[in-house]
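J.: For reference, the structure I am asking about is given below.
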Amino acid sequence: MFDIDTWREIFQSISKNKTRSVLSGFTVAFAIFLFAVLFGMANGLKNTFKEQFGDRVVNAIHVYPWRTSKAYKGFQAGRHIQLKNEDVAFLKNEFGDKIEYLVAKVYQSAKASFGNNKNNYSLTAVTPDFQHLEQNILMEGRYINQKDLQDKTKVIVIGRLVKEDLFVNIPPLGKYVNLNGIQYKVVGVFRDEDGDRAERSIAMPITTSQQLYGNTTNIGGLSLTYNKNMDYDEAIAFSNTLKTKLKKHLSIAPSDQNGIYVSNFADSLKEINQMTFALSALIFVIGFGTLIAGIVGISNIMIFIVKERTKEIGIRKALGAQPNSIVSIILIESILITTIAGYVGLIAGIGLLELAKPTLAIYHLKDPSVSFSLVLSATITLILSGAIAGYLPVKKASRIKPIVALKND
């Protein structure tokens with residue numbers, strides 16, 4: 001195989017039959033190119049779906065109160081539903097074994113100042129589980145704990161960008177920040193992979209907020225995570241049951257769609273997974289079909305090449321060439337052309353995806369790319385298939401008698 005004369009003969013054959021070589025190479029290159037582009041675009045769509053959730057906890061359910069649209073049990077339509085601390089206890093009692101984390105929240109805005117630095121931030125009064133549900137990652141200090149809730153302490157945990165705005169190069173832990181005219185002690189700093197919005201926020205104990213701002217037990221919303229062992233259908237059924245029982249507990253008509261809003265990521269995830277599966281199946285079928293077309297194409301070309309070179313084979317045999325040497329020369333030539341063409345198709349496909357990234361992003365295809373190993377495997381499949389498809393006719397032709405081969409038209 002590594003004989004210099006053999007390789008010189010192979011290159012001479014390729015140079016003398018440029019049209020044949022280009023056509024056979026184009027079949028392979030186009031198949032690999034199309035394969036790479038299709039799988040790259042499919043991966044781009046999957047990346048877009050993944051980005052929509054960011055670092056959110058996917059087994060989360062959010063509950064928000066609203067106004068009723070129907071009269072029920074003596075209450076008039078249009079009643080504003082107000083969640084309270086006892087509603088948290090109700091959910092724990094009803095679904096304790098199915099709930100992982102449960103958070104009561106009150107959303108506010110705050111004018112924050114430290115020294116001469118001032119800015120406006122979102123302020124969320126929460127319970128300790130909020131850290132896990134929002135996946136706040138502590139950089140310094142600690143998070144809000146149960147003792148803060150019990151003692152109604154005036155402490156806050158600030159986002160990374162709040163620290164940079166207000167404290168610049170000053171260590172923030174133990175310092176006091178003025179929020180809407182009240183001094184709060186900074187006990188922790190967090191970061192969040194969800195982006196600047198999350199890191200430009202402040203968290204405080206919900207009991208402190210309830211005491212300072214109205215002396216009530218009101219809460220603005222509830223968030224919880226359910227048992228991760230639930231599949232999508234079980235999670236959807238759980239959220240429906242939770243909504244039904246909450247409506248009964250809050251005296252909302254069962255058919256009232258406006259009294260309370262329950263959002264479950266499982267609904268969206270199920271649809272996305274179904275769509276992704278269908279897309280993957282479609283891409284697999286198209287990609288597999290592309291490879292089959294490439295295999296058929298290269299196989300037909302191999303058969304044509306063998307037929308075209310039958311006289312050449314007869315001359316070689318008449319000059320004393322062994323059948324194995326004839327087979328190896330033709331197969332090596334075919335494998336060389338297929339390998340080079342496959343590499344060209346691979347580079348062209350990956351290159352097109354790289355060039356088209358900004359344009360494809362407009363159409364919600366984020367970072368369209370394809371695994372190099374996947375495309376390489378497809379290329380090797382084409383090479384092996386072409387070699388196998390060509391081996392039989394080449395082997396048959398190599399056994400033909402020289403006189404018969406020379407008479408072949």
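The values are calculated or read from the model by the stated rules, or taken from the named source; none is laboratory data. Note that the structure is a prediction, hence the values are computed from the model and not measured. All Cβ positions, glycine included, derive from the backbone under ideal geometry; neighbour counts span all protein chains shown.
J.: With respect to the numbered conditions (1) crowded, with 20+ Cβ neighbours inside 10 Å; (2) modelled with pLDDT under 95; (3) touching a Leu at 6+ places or on another chain (Cβ under 9 Å), which one is the sole condition not fulfilled by Val189?
T.: Going through the list (1) crowded, with 20+ Cβ neighbours inside 10 Å; (2) modelled with pLDDT under 95; (3) touching a Leu at 6+ places or on another chain (Cβ under 9 Å), Val189 breaks only (2).
J.: Output the residues belonging to the range 140-171 that are touching a helix residue (DSSP H, G or I) at 6+ places or on another chain (Cβ under 7 Å) and free of Cβ contacts under 8 Å to residues at least 40 places away in the same chain.
T.: Arg160, Leu161 - these are the residues of the range 140-171 that are touching a helix residue (DSSP H, G or I) at 6+ places or on another chain (Cβ under 7 Å) and free of Cβ contacts under 8 Å to residues at least 40 places away in the same chain.
J.: Out of all the residues in the range 38-96, which are at pLDDT 85 or above and among the charged types (D, E, K, R)?
T.: Arg67, Lys70, Lys73, Arg79, Lys84, Glu86, Asp87, Lys92, Glu94
J.: Then there is this: So if I check each of Lys147, Lys154, which one is of a type in the set (D, E, K, R) and in contact with a strand residue (DSSP E or B) (Cβ under 9 Å, 6 or more places away or on another chain)? Steps first, answer last, please.
T.: Values: Lys147 fails: in contact with a strand residue (DSSP E or B) (Cβ under 9 Å, 6 or more places away or on another chain).
Being of a type in the set (D, E, K, R) and in contact with a strand residue (DSSP E or B) (Cβ under 9 Å, 6 or more places away or on another chain) holds for just one of Lys147, Lys154, which is Lys154.
J.: For a quick check of your reading: which helices (runs of 4 or more DSSP H) sit entirely within the range 181-291 and have at least 1 residues that are hydroxyl-bearing (Ser, Thr, Tyr)?
T.: Because the criterion is at least 1 residues that are hydroxyl-bearing (Ser, Thr, Tyr), the helices (runs of 4 or more DSSP H) in the range 181-291 that meet it are 206-212, 232-249.
J.: Further, regarding this structure: What are the pairs, 6+ residues apart or on separate chains, where a residue within the range 1-30 that is farther than 22 Å from Leu382 by Cβ and of a type in the set (S, T, N, Q) has its Cβ under 7 Å from a residue that is at pLDDT 75 or above and in a loop (DSSP other than H, G, I, E, B)?
T.: Listed by first residue and then by second, the contacts come to nothing, as the list is empty.
J.: If you don't mind, there's one more thing I want to ask. Every residue in the range 243-298 that is in the same structural domain as Thr379 (by TED's automatic domain parsing), over 32 Å from the mean Cα position of the chain (by Cα) and surrounded by 15 or more Cβ atoms within 10 Å (Cβ to Cβ), please.
T.: If the condition is that a residue be in the same structural domain as Thr379 (by TED's automatic domain parsing), over 32 Å from the mean Cα position of the chain (by Cα) and surrounded by 15 or more Cβ atoms within 10 Å (Cβ to Cβ), then Gly297, Ile298 are the ones that fit.
J.: Right, here's the next one. What's the number of the condition Ser113 fails, among (1) out of contact with any Lys or Arg (no Cβ under 7 Å at 6 or more places or on another chain); (2) surrounded by fewer than 19 Cβ atoms within 10 Å (Cβ to Cβ); (3) in contact (Cβ under 8 Å) with a residue 60 or more places away in the chain; (4) under 23 Å from Leu242 (Cα atoms)?
T.: Of everything listed in (1) out of contact with any Lys or Arg (no Cβ under 7 Å at 6 or more places or on another chain); (2) surrounded by fewer than 19 Cβ atoms within 10 Å (Cβ to Cβ); (3) in contact (Cβ under 8 Å) with a residue 60 or more places away in the chain; (4) under 23 Å from Leu242 (Cα atoms), Ser113 misses just condition (4).
J.: Return the residues of the range 117-129 that are farther than 11 Å from Ile202 by Cβ, in contact with a helix residue (DSSP H, G or I) (Cβ under 9 Å, 6 or more places away or on another chain) and either among the hydroxyl-bearing types (Ser, Thr, Tyr) or buried (at least 16 other Cβ atoms within 10 Å of the Cβ) (or both); say none if nothing qualifies.
T.: Thr127, Pro128 - these are the residues of the range 117-129 that are farther than 11 Å from Ile202 by Cβ, in contact with a helix residue (DSSP H, G or I) (Cβ under 9 Å, 6 or more places away or on another chain) and either among the hydroxyl-bearing types (Ser, Thr, Tyr) or buried (at least 16 other Cβ atoms within 10 Å of the Cβ) (or both).
J.: State yes or no: is Asp129 free of Cβ contacts under 8 Å to residues at least 60 places away in the same chain, under 15 Å from Lys105 (Cα atoms) and not aliphatic (A, V, I, L, M)?
T.: In short, yes.
J.: Here is a follow-up. Given (1) modelled with pLDDT of 70 or more; (2) more than 18 Å from Arg8 (Cα to Cα); (3) not aromatic (Phe, Trp, Tyr), identify the lone condition not met by Lys311.
T.: Evaluating Lys311 over (1) modelled with pLDDT of 70 or more; (2) more than 18 Å from Arg8 (Cα to Cα); (3) not aromatic (Phe, Trp, Tyr) leaves (1) as the failure.
J.: Is there any pair linking a residue in the range 261-287 that is touching a residue at least 40 places away in the same chain (Cβ under 8 Å) and within 15 Å of Phe238 (Cα to Cα) to one that is assigned to a helix (DSSP H, G or I) and β-branched (Val, Ile, Thr), with Cβ under 7 Å and at least six apart or on different chains, and which?
T.: Every condition considered, the pairs that remain are Asn264/Ile236; Ala266/Ile236.
J.: Ok, one more. Any chance you could count how many residues in the range 361-372 are over 17 Å from Val28 (Cα atoms) and exposed (fewer than 15 other Cβ atoms within 10 Å of the Cβ)?
T.: Adding up the residues that qualify gives 5.
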